[in-house]
1. Restricting the search to the range 30-45, which residues are in a loop (DSSP other than H, G, I, E, B) and more than 16 Å from residue 88 (Cα to Cα)?
2. Mind checking which residues of the range 78-94 are touching a residue at least 60 places away in the same chain (Cβ under 8 Å), out of contact with any helix residue (DSSP H, G or I) (no Cβ under 7 Å at 6 or more places or on another chain), under 30 Å from residue 27 (Cβ atoms) and outside any loop (DSSP other than H, G, I, E, B)?
3. State whether the residues of the range 102-111 include one that is farther than 16 Å from residue 1 by Cα, part of a loop (DSSP other than H, G, I, E, B) and free of Cβ contacts under 8 Å to residues at least 12 places away in the same chain.
4. List pairs: first residue in the range 12-35 and at positive phi and in contact (Cβ under 8 Å) with a residue 40 or more places away in the chain, second residue assigned to a helix (DSSP H, G or I) and surrounded by fewer than 11 Cβ atoms within 10 Å (Cβ to Cβ) anywhere in the structure, Cβ distance under 9 angstrom, at least six positions apart or on different chains.
5. Report the residue count in the range 1-43 for those that are touching a strand residue (DSSP E or B) at 6+ places or on another chain (Cβ under 8 Å) and modelled with pLDDT of 90 or more.
6. Going by what's in this entry, would residue 48 be described as surrounded by 16 or more Cβ atoms within 10 Å (Cβ to Cβ) and either modelled with pLDDT under 90 or in a strand (DSSP E or B) (or both)?
7. What is the residue count in the range 51-77 for residues that are surrounded by 10 or more Cβ atoms within 10 Å (Cβ to Cβ), without any contact (Cβ under 8 Å) to a residue 40 or more places away in the chain and part of a loop (DSSP other than H, G, I, E, B)?
């Protein structure tokens, strides 16, 4: 992978799906403009740090080669949204850590793996 200095807000797909459903169930108001809801957990950190923490949390035995791949010329180094409106208007809050989401994916895709149970949040 790249050196992993890209900063993102890391979210589980289950949390994002819950947010999309909450937005879809919102009653329409009298405005004609679209409403934007940013779904983010607040787990804002470099990709490298997130990957290493998931590897440690589960624990996985991976030969991680940080910096083996160059950054894409079109990749932003910092991308984080403001989710204030989402939390206030939808009452949406993330419930699942990225480590837990990776565990669930691994259990489904690779049932023979022996992994630790990470915390939900």
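The values are calculated or read from the model by the stated rules, or taken from the named source; none is laboratory data. Computed from a predicted model, the values in this text were never measured in an experiment. All Cβ positions, even for glycine, are placed from backbone atoms using ideal geometry, and neighbour counts span all protein chains on display.
1. Once the filter is applied, which keeps residues that are in a loop (DSSP other than H, G, I, E, B) and more than 16 Å from residue 88 (Cα to Cα), the range 30-45 yields 30, 31, 32, 33, 34, 43.
2. 89
3. Yes, the conditions are met somewhere in the range 102-111.
4. none
5. Of the residues in that region, 6 qualify.
6. Spelling it out, it is not the case that residue 48 is surrounded by 16 or more Cβ atoms within 10 Å (Cβ to Cβ) and either modelled with pLDDT under 90 or in a strand (DSSP E or B) (or both).
7. Counting residues in the range 51-77 that are surrounded by 10 or more Cβ atoms within 10 Å (Cβ to Cβ), without any contact (Cβ under 8 Å) to a residue 40 or more places away in the chain and part of a loop (DSSP other than H, G, I, E, B) gives 1.
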